[in-house]
1. What's the ranking of 260-271, 279-290 by average number of surrounding C-beta atoms within 10 Å, highest first?
2. Could you sort the peptides 205-215, 309-319 by per-residue average Cβ neighbour count (10 Å cutoff), highest mean leading?
3. In whole Å, what are the extents of the stretch 201-356 along the principal axes defined by its C-alpha atoms, from largest to smallest?
4. For the stretch 240-338, what relative contact order do you get, as a whole percent, if you take Cα pairs closer than 8 Å and at least 6 residues apart?
5. Work the Kirkwood hydrodynamic radius out for the stretch 98-210: mean of 1/r over every pair of different alpha-carbon atoms, inverted, in Å.
6. In the stretch 215-289, what percent of the accessible surface is made up of carbon and sulfur (1.4 Å probe, ligands and nucleic acids excluded)?
7. May I ask you to order 326-335, 173-182, 228-237 by the average number of other C-beta atoms within 10 Å around their residues, highest value first?
8. From the Cα trace of the stretch 279-330, what convex hull volume per residue do you get, rounded to a whole Å³?
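The values are calculated or read from the model by the stated rules, or taken from the named source; none is laboratory data. These numbers come from a predicted model, not from an experiment. All Cβ positions, even for glycine, are placed from backbone atoms using ideal geometry, and neighbour counts span all protein chains on display. Calculation scope for accessible area: heavy atoms of the full protein, side chains included, ligands and nucleic acids excluded. Shrake-Rupley method; radii C 1.70, N 1.55, O 1.52, S 1.80 Å.
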Amino acid sequence: MAQDTSTTTATAPGGGGHPLARYLVVRAGITVLLLFGVTLTTFILTNLIPADPVQAVLGEQAAANPEIVAAYRERAGLDDPLPVQYFTYLSNVLQGDLGTSQQTRQPVADELGRAAPATIELALAAIVVSAVLGIGLGLWAALKRRTIIDQVIRLVSTVGISIPLFWLALVVYYVFFFQLGIFPGSGRLSPTLTPPPDVTGLYTVDSLLAGDLPAFWDALSHLVLPASVLGLYTVGLLTRFARSAVLEILDQDYVRAARAKGLPARTVVTRYVLRGSLVPIITVLGMAFGSLLSGTVLVEIIFSWNGIGQYSYAAATRLDLPAIMGVGLVVGMVYIGLNFIVDLLYGLIDPRVRVS
C-alpha cells in the first residue's frame, strides 16, 4: 500500500502569524475595550455628582422658574433615560464632540485643545529631566551599593518622594522668584513678548521653529521652576525603582558570566544590565508621565500655567459637567495610550513578552 506523502502544516498554539503582529493585535483590542470602559466610567461618575447642574448653569433665579428649568432639561437631554444619555454621549465622543461648556458656551474639545500643549510642554520637560537624573542616580546607587554614595542617593530619593508637591511649589516660587528673582514666577511667556506662531502649541518648540531666540529663552526660563517642582518627585520615584531593577539584574547568572569572560565593565552595564532592567523602569516611566500630564493642577495654579490642570480646576469649581467629563475622558485616554506604548516597548525589548 502506497503511503500518503502529502504534508500537513502544523499550526502553533495561539494561531499563525508573526508573534509581534499577534502581540500588537491583542494589545490593540484590549486598548479599545479599555477606552470604552473609560467613557462608561466617566459618564457614571459624573452623573453621581451630588449637585444640580441646572442650577449651576442657569443660576439661582432662573432655576427657580419651572418653565425655564423644563425647557433647559429638554434641550440638554437631561430628561432622557440614562442609557439613552450615555449612547448619545458615546456617539458624540466617537465623532470628536466632547460637548459644549456650560459656562463658556465653547466646545470642550476646542478648549482642551488649547490647554493641552501647555501641560504637554510642562510634563515633557519634567519627564526628560526626571528620566536622565532618576535612571542615572538609580544605576549609580546600584553599582555603588552599601557605600556612602548609595546611602546619600537613597536619602535624596526618599526626600523627593516625601515632600508635598504644593508646599514645594510655594517654597520654590517664594525663594527663586520673589526673593532672588532668578526665574520668572508665572505664565508661559513674559507679557512684553509675542507668542510664536502656533505650530505645535509648545512655546519652546514653536519659537525655535520661528527662529525667535529671545522668545525661546524666555519660554524656557518660565518652564524651569514648575518643571523642577514636578520633576523632583518623579526623580525620587525613578531612582528607587531603577536601583531595585539594576540590583536584581546584577545578581543574574548571565551578568556574572559576562564579567567572567573579561568584558569591560561599561559593556556589561550598557549591554546586559541596563537592557535587562529596562522593562520595570519603562513601566514606572510611563505611569510617571501619565501622572505628570494629569496631576499638574496645583503646580499650574501656583505658577499660572494655563494647561489642563488649571482648566479642570475651573471646571470643577463651576460644576461644568461637560468640561469635567471631557477632562476625565482625556486623562483616561492618556493613561490607556501610555499603557499601550509601554506594552509595545515591552514587546520590542523583551522577546519573551511577545510569545507569552
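1. 279-290, 260-271
2. 309-319, 205-215
3. 64, 40, 27
4. The value is 22 percent.
5. 17.8 Å
6. That share works out to 61 percent.
7. Descending mean neighbour count gives 228-237, 326-335, 173-182.
8. Value for the stretch 279-330: 75 Å³ per residue.
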